[in-house]
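Peer 1: This structure is in structure tokens; I'll ask about it shortly.
The values are calculated or read from the model by the stated rules, or taken from the named source; none is laboratory data. Only a predicted model underlies this, so the values are computations on that prediction, with no experimental measurement involved. Every residue, glycine among them, receives a Cβ derived from its backbone with ideal geometry; neighbour counts consider all protein chains shown.
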Amino acid sequence: MLHPGKWRLEVPHSLDERKGGRKNPQRPIPYMRVPDLGSLSRSITLGALGMPGLTAYYGLLDICQPKKGETVLVNSAGGAVGSLVCQIAKIKGCTVIAFAGSEEKISWLKNELHLDHIDFKSAKSPLVDAFILKKDLKIQGFHAFRWYIRWWNDTSTGGFHQMKQWIQEGKIKCRETKTKGFENMPRALLGIFKGENIGKAIVEV
Ligand SMILES: NC(=O)c1ccc[n+]([C@@H]2O[C@H](COP(=O)([O-])OP(=O)(O)OC[C@H]3O[C@@H](n4cnc5c(N)ncnc54)[C@H](OP(=O)(O)O)[C@@H]3O)[C@@H](O)[C@H]2O)c1
């Protein structure tokens, strides 16, 4: 069983528990059985087929509702969520302008994800503020788990299934920055706060 929103594997005592047992029957426990992933690595359920994938998929498609031919600007494009947003936007026929904070990230975005335009450095770029001001854009916050049920429960057109299909078709590439060994966990964690990971940061124990 996997809880895709948290960095852990857990096994509830029974399937009934996951359907809402334990203390509060009104509040289902969001454990799901890891579905058949074919040849894909299990770690992908922590990245493109887990919380970051859910965030990228619905955050872009539900909130931004991009239309073919539009331009999508992605900040922190080399990270777990950003790299997926870029690729989903491309699939939807958008022009993607990506910002990333290292030469290695830029090289990956350019040479492997084939984005339209990539620029150095991101989050605090005044360019981003200028875009927001000039284009009269709105800023909206969200919590990705609002789409949790849809992600898992939608039929073949739903987020999880759609993302899985795109990955299997090679339309979405998933990169992981893997740290090996439990003892190296602190280093991996610190790396996240320095933007060191490209794609999803994974610790293999
Ligand atoms: N609202 C939600 O429900 C939701 C869900 C998932 C994620 N998030 C948020 O979305 C963001 C991206 O998540 P992620 O999983 O893609 O994270 P990630 O893989 O760690 O990527 C984060 C990126 O942020 C950039 N960054 C800028 N300043 C940084 C700094 N001081 N320290 C570290 N990184 C810095 C880095 O890109 P550059 O090197 O290119 O600057 C880094 O690659 C995070 O802020 C996360 O909390 C929100």
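Peer 1: What number goes with the only condition from (1) modelled with pLDDT under 90; (2) among the aliphatic types (A, V, I, L, M); (3) within 16 Å of the ligand (Cβ to nearest atom) that LEU133 does not pass?
Peer 2: Result: LEU133 passes all but (3).
Peer 1: Now a separate question. In the stretch 76-104, how many residues are within 21 Å of GLY50 (Cβ to Cβ) and either in contact (Cβ under 8 Å) with a residue 40 or more places away in the chain or not assigned by TED's automatic domain parsing to the domain that holds ILE132 (or both)?
Peer 2: Matching residues across the stretch 76-104 total 10.
Peer 1: Going residue by residue through the stretch 105-112, is there one that turns out to be more than 23 Å from TRP152 (Cβ to Cβ), surrounded by 22 or more Cβ atoms within 10 Å (Cβ to Cβ), at pLDDT 55 or above and not polar (S, T, N, Q)?
Peer 2: Looking for residues that are more than 23 Å from TRP152 (Cβ to Cβ), surrounded by 22 or more Cβ atoms within 10 Å (Cβ to Cβ), at pLDDT 55 or above and not polar (S, T, N, Q), one finds at least one in the stretch 105-112, hence yes.
Peer 1: Need the failing condition index for LEU54 against (1) in a helix (DSSP H, G or I); (2) at pLDDT 95 or above, just the number.
Peer 2: (2)
Peer 1: Would you mind stating whether VAL128 is touching a strand residue (DSSP E or B) at 6+ places or on another chain (Cβ under 6 Å) and either loosely packed, with under 14 Cβ neighbours inside 10 Å or not small (Gly, Ala, Ser) (or both)?
Peer 2: Judged against the criteria, VAL128 is not a match.
Peer 1: Filtering the stretch 157-205 down to residues that are away from the ligand (no atom under 14 Å from the Cβ) and part of a strand (DSSP E or B), which residue is modelled with the highest pLDDT?
Peer 2: By that ranking, first place goes to LYS180.
Peer 1: Restricting to the stretch 60-84, name every residue that is touching a Phe, Trp or Tyr at 6+ places or on another chain (Cβ under 9 Å) and within 20 Å of ASP129 (Cβ to Cβ).
Peer 2: ILE63, LEU73, VAL74, ASN75, SER76, ALA77, GLY82
Peer 1: For the stretch 32-73, which residues satisfy the criterion of being over 12 Å from the mean Cα position of the chain (by Cα) and either within 10 Å of the ligand (Cβ to nearest atom) or among the small types (Gly, Ala, Ser) (or both)?
Peer 2: Looking only at the stretch 32-73, we keep the residues that are over 12 Å from the mean Cα position of the chain (by Cα), and these are 32-43, 61-73.
Selection gives GLY38, SER39, SER41, SER43, GLY69.
Peer 1: Here's something else I'd like to know. Quick one: GLY195 ticks every box in (1) of a type in the set (Gly, Ala, Ser); (2) in contact with a Gly (Cβ under 6 Å, 6 or more places away or on another chain); (3) over 24 Å from ALA77 (Cα atoms) except a single one, so which number is it?
Peer 2: The number of the failed condition is (3).
Peer 1: How about the stretch 142-156: which of its residues are assigned to a loop (DSSP other than H, G, I, E, B) and within 11 Å of the ligand (Cβ to nearest atom)?
Peer 2: PHE142, HIS143
Peer 1: Which number in (1) within 15 Å of GLN140 (Cα to Cα); (2) surrounded by fewer than 24 Cβ atoms within 10 Å (Cβ to Cβ) marks the one condition that ALA56 misses?
Peer 2: Result: ALA56 fails condition (2) only.
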